[in-house]
Amino acid sequence: LSKKNYANENLKIDRGASNSPYSVNQKYEKIASAFSKTSSFNEDQKKVRELTTKYNALIQFEQSFGLEGRRRLNLAIGVPPEKFDHMVEEMKQIGTLTSIRIDKIDKTNEYKDLKAKRISLEKTRDALLKLKAIDGKIDESINLETRILEIETQIQSMGVKLGEYDQENEFCTVKFGLEEQGYLQSGIPILKRIKIALEWTIKYYLMLLAVLCIG
């Protein structure tokens with residue numbers, strides 16, 4: 001999943017009795033990574049998709065592979081921040097949960113750095129545009145135009161990255177893996193199946209030896 005999801009939270013910082021509190025607008029990335037196994041693959045993957053609809057979430061990445069009995073589904077889901085915890089709790093009930101991890105990473109400084117870089121690039125571009133208005137040699141004008149285009153491209157790229165932090169694009173991420181355990185459907189564990197198969201093999205081998213001896 002190359003798409004990054006970010007959320008916003010206003011934090012009130014209490015500096016103690018001698019100083020007045022202040023607010024911080026925190027930008028953060030929050031990711032839940034969960035993995036489950038199931039003997040009812042079709043039903044459980046349907047439950048995951050129903051949860052996505054229920055919580056107004058968005059499937060941003062989907063990967064499915066494997067043959068029946070050993071299928072695997074990987075999803076990356078963008079979830080509105082206020083619904084993240086509720087969706088994770090319900091998702092934990094799907095199949096047999098084998099692992100879960102939740103990470104929250106502060107991105108406030110990264111966001112501020114991006115804004116500062118964009119402002120710096122815009123100032124550089126404006127300065128070059130003023131130079132462009134001055135008559136000069138052709139090769140200097142071409143180099144100047146090339147540099148302006150490069151800066152414009154960087155500004156646009158920076159704008160895309162900053163757009164991921166906009167409140168209307170706010171999401172937290174849920175990564176969910178569902179693995180089918182086919183042998184569970186019959187209720188017979190795999191080791192017991194091997195034991196039964198071995199017993200039948202030995203039984204029929206001895207019967208074959210007995211027939212050969214009699215013959």
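Loop-located trypsin sites (Lys or Arg not before Pro) across the range 123-184 with a Cβ neighbour count of 11 or fewer within 10 Å are LYS137, with loop assigned by DSSP. Only the Cβ atoms of Lys and Arg (+1) and of Asp and Glu (-1) were treated as charged; on that basis the dipole of the range 1-126 about its Cα centre amounts to roughly 340 debye. Here is the list for the range 48-88: trypsin sites (Lys or Arg not before Pro) lying in DSSP coil, each with at most 13 other C-beta atoms within 10 angstrom of its C-beta, are ARG70. Can you pull out the GluC sites (Glu not before Pro) in the range 43-75 whose DSSP state is coil and whose Cβ has at most 10 other Cβ atoms within 10 Å? Sparse-neighbourhood loop GluC sites (Glu not before Pro): GLU68. The C-alpha radius of gyration of the range 1-120, expressed as a fraction of 2.2 N^0.38 Å, stands at 1.39.
Read the figures in this text as sums done on the coordinates, not as results from a lab. Keep in mind that this is a model prediction, so the values were computed, not measured. We place every Cβ from the backbone using ideal geometry, glycine too, and count neighbours over all the protein chains shown.
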